[in-house]
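What follows is a set of notes on a single structure, which appears directly below.
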Amino acid sequence: MRVLGVDPGLTRCGVGVVEGVAGRPLTMLGVGVVRTSADADLGHRLVAVEQGLEQWLDEHRPEFVAVERVFSQHNVRTVMGTAQASAVAILCASRRGIPVALHTPSEVKAAVTGSGRADKAQVGAMVTRLLRLDAPPTPADAADALALAICHIWRAPAQNRLQQAVAAHAARAPRTPPTTPRAPAAPHASKGRTA
């Protein structure tokens, strides 16, 4: 399985490609950052992110794209830029028919380090060890992108089995139309005859 991990951001959008299967050694095929200038117009920055991601998709031809799920932060301006870059990544992959998976930061940290509260240094150290690299990828956005790809490779088989089980259960479930409950019959007063 070949996965392009994307750590979305407008100034630095981390990208990393990892190949392998769960339970076997993984291989890094590429890592980097798509950069845009904070002084540029928003539209031009989004186009630059799109062009950068398209180059990575052309060069590495991943089977899946794993994007960090945007979560609420205190700085609304930062989260908006992250969400916009995330949408560009999802669009680029979907346009090519490549499945996209979203993983929260805590899911990625837990998958790679064993703790959902790991810091960036711990994530970088584990990515370095898991991919047998000489040094942690820099900047941290690049290491985070590789961590996303690793997380997806490890989590995808379990997620696929779960989805298949849900689909199989839905296929076996009887498809009877819902019935409207009937109101209990009102008791009838008996008419007695008088003699």
Inspect region 172-191 for any residue being within 26 Å of the chain's Cα centre (by Cα) and either at pLDDT below 90 or surrounded by 10 or more Cβ atoms within 10 Å (Cβ to Cβ) (or both) and give the result as yes or no.
no
Quick check: anything in region 32-44 open to solvent by less than 30 Å² (accessible area, probe 1.4 Å), modelled with pLDDT of 95 or more, under 15 Å from L146 (Cα atoms) and assigned to a strand (DSSP E or B)?
yes
Report yes if R61 is modelled with pLDDT of 95 or more, at positive phi and out of contact with any helix residue (DSSP H, G or I) (no Cβ under 6 Å at 6 or more places or on another chain), otherwise no.
yes
Could you please find all residues in region 53-80 being open to solvent by 70 Å² or more (accessible area, probe 1.4 Å), farther than 18 Å from I153 by Cβ, of a type outside the set (G, A, S) and outside any helix (DSSP H, G or I)?
F71, Q73, H74, N75
Filtering region 113-149 for residues that are aliphatic (A, V, I, L, M) and within 19 Å of G9 (Cβ to Cβ) leaves a count of 11
So which of G97, G124 is in contact with a Pro (Cβ under 9 Å, 6 or more places away or on another chain) and at pLDDT 95 or above?
G124
Does region 12-23 hold any residues that are at pLDDT below 95 and either more than 19 Å from the chain's Cα centre (by Cα) or among the basic types (K, R) (or both), and which are they?
G23
Filtering region 81-140 down to residues that are open to solvent by less than 60 Å² (accessible area, probe 1.4 Å), in a loop (DSSP other than H, G, I, E, B) and touching a residue at least 12 places away in the same chain (Cβ under 8 Å) yields I98, T104, L131, L133, P137, P139
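The values are calculated or read from the model by the stated rules, or taken from the named source; none is laboratory data. What you see is a predicted model; the values in this text were computed from it and never measured. Positions of Cβ are generated from backbone atoms using ideal geometry, with glycine treated the same way; all protein chains shown enter the neighbour counts. These accessible areas exclude ligands, DNA and RNA; they are computed on the full protein's heavy atoms, side chains included. Shrake-Rupley method; radii C 1.70, N 1.55, O 1.52, S 1.80 Å.
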